[in-house]
Amino acid sequence: MLRSFSPLLWFHKVDKFFDFNLDQSPPTKEEVYGYEFYNKKVADGLLVSATMLRNRAKVEKSLNGTYRLVKKGVIYKDIRDFLSITSIPYSVFADPGTFTYANEFKLPDYLYDTDGLIDYYNDLNFDLAGSVDWPILDKILITRRGKRSSFDLNLKTKEMRRKLTLELASDFIKKCNKRKNLRFVPFGTIQGWSFDTYIESLKELLKMGYDYIAIGGLATSERFALDLLPLVWDEIQKSGTRPGMHLYARFPSPLAVREFLRYGVTSFDNTSPFITASRSPCSYIDPSIYFKMNNSWDCYNLKIPGIRSPFLRRAKKVLSEQDFLALGRLCSNTFGAFVNYSESGEIFYLKRLINLYYEMNCSLNDYRTRPLSGKKLGRLMDVTRSTLLKKPWLSCDCSSCMDLKANIVLTRNNYRIVHTFFHNSYIQYSRFVAELDRAMVEVPFEKYSWAEVDSLVKTKTEKI
Ligand SMILES: [Zn+2]
């Protein structure tokens with residue numbers, strides 16, 4: 001069976017009581033994670049990267065020497081406690097957070113300490129947890145004297161990253177096997193930059209005796225991933241083992257779900273619902289379309305900057321006080337028209353909103369990093385008008401669409417982007433579940449048993 005893990009659902013919160021028409025939180029706001037806000041599943045589990053967790057909480061040792069999490073003076077005994085999933089049977093997948101150090105010449109120090117990493121995974125109660133890997137890119141981005149530039153990785157460096165990834169995987173499983181009371185399923189990760197190097201690494205990893213393996217570095221090309229999978233499956237069969245297999249940052253396109261199943265993939269994670277949500281002009285995925293089709297408008301957003309938005313702050317630097325105030329007023333009036341329309345649904349307000357939205361976009365055009373051409377502006381207006389008339393949020397039963405209504409297509413502040421991200425996750429997960437049901441009937445596949453992970457999760461949730 002194939003499971004979907006989300007690497008960002010736990011990273012973003014929304015205020016349950018935020019008033020989108022007033023654009024403000026009440027005096028006592030209550031921030032919750034997406035999966036707490038939703039009464040339906042948006043993923044099979046959560047992926048928590050060590051480097052990302054350190055951005056959200058202090059990872060420290062308690063007096064008895066075990067790891068715990070501390071945020072704003074509150075102590076959390078483990079990851080389930082921190083993520084408020086004590087009663088939800090989400091499994092938590094942990095990894096080191098590879099992409100955050102992909103551009104570095106050295107791993108963060110604590111990742112060289114395998115025993116420390118095992119303690120961290122074990123003490124914080126993760127369910128599946130991985131060895132340290134280092135992505136092998138053709139180019140990395142480096143900053144010198146404040147300037148970003150790209151730097152080619154030569155073959156020697158690529159091979160060094162591949163070998164270190166294998167050495168750390170070997171050290172990880174050896175040390176895990178020596179532990180008593182290990183409370184997570186360890187997995188080993190490989191990296192490569194060609195079919196040959198991936199298969200070479202895989203052969204070595206399979207010899208190490210892992211029950212779960214992961215393949216990194218496949219985010220950019222689905223074609224490469226799909227061509228690699230039969231070769232990987234061939235090696236797994238030759239080895240006489242049947243480990244679970246995770247593909248990092250790779251959400252399958254509809255047909256690829258079948259290929260994933262056929263070739264033994266058992267889990268994946270991806271950031272695309274968030275990337276889509278934070279992109280303009282396409283951020284809200286149309287629930288009636290479900291997946292991206294080429295050259296079609298399957299996603300929307302309206303952008304009406306707030307007076308304190310980074311965009312208007314940038315414009316302030318180049319505008320006279322008078323022009324800045326005029327622009328701010330125009331944005332506020334457009335937002336006001338949006339609120340009137342979203343509350344009343346009357347065509348009169350829609351016409352006023354469309355006129356003001358057009359005027360605002362023309363005025364903002366001079367300050368955009370990439371100004372809209374006349375053609376693009378025309379298209380933007382067509383999409384905006386048709387989106388508001390079509391009301392796509394009415395055909396979605398996710399908690400964000402039902403709560404925000406028209407506001408879900410307006411990208412104005414973080415909470416809205418986060419809600420759009422949750423909505424996109426929900427749509428993508430629903431599509432995935434439907435595709436998986438079809439694929440399980442259509443393709444022969446060898447079942448992987450999640451029993452070990454599920455029983456760990458069950459024990460942890462029942463204990464509470
Ligand atoms: Zn929705």
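The values are calculated or read from the model by the stated rules, or taken from the named source; none is laboratory data. This is a predicted model, so every value here is computed, not measured. Every residue, glycine among them, receives a Cβ derived from its backbone with ideal geometry; neighbour counts consider all protein chains shown. Calculation scope for accessible area: heavy atoms of the full protein, side chains included, ligands and nucleic acids excluded. Shrake-Rupley method; radii C 1.70, N 1.55, O 1.52, S 1.80 Å.
Using the per-residue mean of other Cβ atoms lying within 10 Å as a proxy for protection, in what order, highest first, do the peptides 65-71, 371-377 fall? Display every interim value, and only then the final one.
Details: 65-71: 15.3, 371-377: 11.9.
In decreasing order of mean packing, 65-71, 371-377 become 65-71, 371-377.
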Solvent-accessible surface ranking, highest first, for Met208, Met245 at 1.4 angstrom
Met208, Met245
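I need the shape label for the stretch 146-241. Rule: rounded when a/c is under 1.5, else prolate if a/b > b/c, else oblate, with a, b, c from the alpha carbon gyration tensor. Don't skip to the answer; put the middle values down first.
Numbers: a/c = 2.11, a/b = 1.34, b/c = 1.57.
In terms of gyration-tensor shape, oblate.
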Quick calc, Ser449 & Glu222: beta-carbon distance into FRET formula, R0 30 Å, rounding 0.05, result 0.65
Report the extension gain between Ala326 and Tyr110 in nm, rounded to one decimal, defined as 0.36 nm multiplied by the number of residues separating them, less their alpha carbon distance.
72.5 nm
Rounded FRET efficiency, nearest 0.05, which uses the C-beta distance separating Asp366 from Asn181 and R0 of 51 Å:
0.20
Could you tell me which of Pro444, Asn39, Ile199 has its Cα farthest along the dipole of the chain towards the positive end, charges placed at Cβ (Lys, Arg +1; Asp, Glu -1), taken about the Cα centre?
Asn39
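Could you tell me how many cubic angstrom of Cα convex hull volume the stretch 288-395 has per residue? Before the final figure, lay out the partial values.
On the way: hull volume 12.6 nm³, N = 108.
Convex hull volume per residue, Cα atoms: 117 Å³.
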Go through the cysteines of the chain and tell me which have no other cysteine Cβ under 4.7 Å away.
Cys176, Cys331, Cys362, Cys398
Label points 7 Å out from Cα along the Cβ direction at Thr197 and Ser25: separation in nm?
4.5
With a ≥ b ≥ c from the Cα gyration tensor eigenvalues, square-rooted, and the rule rounded for a/c under 1.5, otherwise prolate when a/b > b/c and oblate otherwise, the stretch 323-464 is prolate
Indicate the gyration tensor shape class of the stretch 96-205 (rounded, prolate or oblate), computed on the Cα atoms with a ≥ b ≥ c the square roots of the eigenvalues: a/c under 1.5 is rounded; otherwise a/b larger than b/c is prolate and the rest oblate.
oblate
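Magnitude of the Cβ-charge dipole of the stretch 96-188, K/R +1 and D/E -1, about the Cα centre, nearest 20 debye? Spell out each step's value before the answer.
Working: 17 positive and 13 negative charges, 72 e Å.
Rounded to the nearest 20 debye, it is 340 debye.
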Label 7 Å along Cα→Cβ of Ile140; the stretch 213-234 residues with amide nitrogen under 16 Å?
217
Can you give the accessible area of Arg313 in Å² (nearest 10), computed on protein heavy atoms with a 1.4 Å probe?
130
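Which order do you get for Arg223, Arg308, Arg183 if you rank them by accessible area with a 1.4 Å probe, largest at the top? Walk me through the numbers before you get to the answer.
Details: Arg223 150, Arg308 190, Arg183 85 Å².
Of Arg223, Arg308, Arg183, the descending order of accessible area is Arg308, Arg223, Arg183.
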Once every DSSP H run of n ≥ 4 in the chain is given -39500 (n - 2.57) and the sum is divided by its residues, what mean residue ellipticity at 222 nm do you get, rounded to the nearest 500 deg cm²/dmol?
-14500 deg cm²/dmol
Using the Cα centre as the reference, give the magnitude of the dipole from point charges on the C-beta atoms of the stretch 288-395 (Lys, Arg: +1; Asp, Glu: -1; all else neutral), rounded to the nearest 20 debye.
360
Sites Arg314 and Asn154, calculated FRET efficiency, Cβ-Cβ separation with R0 35 Å, nearest 0.05:
0.35
With every protein chain left in place, what is the accessible area of Glu167 in Å² (1.4 Å probe, nearest 10)?
110
Intensity falloff of the chain expressed as log10 I(q)/I(0), Debye formula with alpha-carbon point scatterers, at q = 0.07, 0.10 Å⁻¹
-0.42, -0.83
Along the dipole axis of the stretch 84-218 (charges at Cβ: +1 for Lys and Arg, -1 for Asp and Glu; origin at the Cα centre), the most positive-end residue among Ile215, Phe151, Leu107 is Phe151
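Suppose every Lys and Arg Cβ carries +1 and every Asp and Glu Cβ carries -1, with no other charges. What dipole size does the chain come out with about its Cα centre, to the nearest 20 debye?
Values: 68 positive and 52 negative charges, 261 e Å.
Dipole magnitude for the chain comes out near 1260 debye.
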From the cross-link list Lys351/Lys405; Lys316/Lys405; Lys41/Lys77; Lys180/Lys203, which pairs have alpha carbons spaced over 30 Å apart?
Lys316/Lys405
Suppose accessible area is computed on protein heavy atoms with a 1.4 Å probe; arrange Ser150, Ser87 from highest to lowest.
Ser87, Ser150
